[in-house]
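Worksheet: the structure to be examined is printed underneath.
The values are calculated or read from the model by the stated rules, or taken from the named source; none is laboratory data. As the structure is a prediction and not an experimental result, all values here were calculated from the model. Heads up, the Cβs are rebuilt from the backbone with ideal geometry, glycines too, and the neighbour counts pull from every protein chain shown. For accessibility, only protein heavy atoms count, side chains too; no ligands or nucleic acids. Shrake-Rupley method; radii C 1.70, N 1.55, O 1.52, S 1.80 Å.
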Amino acid sequence: MKADNYILHEIKEKIIELYDYVWETGYNCEDCEYKKLVHEPHGEVTRHCAMEHYIDECPVIELAIEENRIGGSKQ
């Protein structure tokens, strides 16, 4: 049972790392319906993601999870 919990923890950590990478790079976020651009009064544009607290529902994360269920991508 401890091994299962360890594996689940590792998977959760990898999902969080992937979401952080997607957020930092904007990878596949160009046309995402959950992305919001806010034009700040001082001229800066900030990017916000509606999936920030629901990362397992992010389309990029969902696709990665689905690819791993099917057998993963070939490298």
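A few notes on this one:
- Sites excluded, chymotrypsin sites (Phe, Trp or Tyr not before Pro) in DSSP loops with at most 16 other C-beta within 10 Å, longest stretch of the chain: 1-26
- Structural size metrics of the chain, computed from C-alpha coordinates, are Rg and Dmax of 15.3, 53 Å.
- Helix-only [θ]222 nm of the chain, DSSP H runs n ≥ 4, -39500 (n - 2.57) each, per residue, nearest 500: -16500 deg cm²/dmol
- Only Lys, Arg (+1) and Asp, Glu (-1) charged, at Cβ; the chain dipole about Cα centre in debye: 200 debye
- Calculated FRET value between H48 and I11, using beta carbons and R₀ = 22 Å, to 0.05: 0.25
- 0 to 90° range, to nearest 10: angle between helix 59-70 axis and the chain longest Cα axis: 20 degrees
- Per-peptide average of other Cβ atoms within 10 Å, ordering 9-18, 37-46 highest first: 9-18, 37-46
- Protein accessible area in the chain, 1.4 Å probe - carbon and sulfur %: 53 percent
- The chain: angle of helix 2-25 to the longest principal axis, Cα-based, in degrees nearest 10: 20 degrees
- Across the chain, C-alpha contacts under 8 Å between residues 6 or more apart give a mean separation that, scaled by the residue count, equals a relative contact order of 21 percent.
- FRET E, pair R69, Y34, Förster distance 22 Å, beta-carbon r, rounded to 0.05: 0.50
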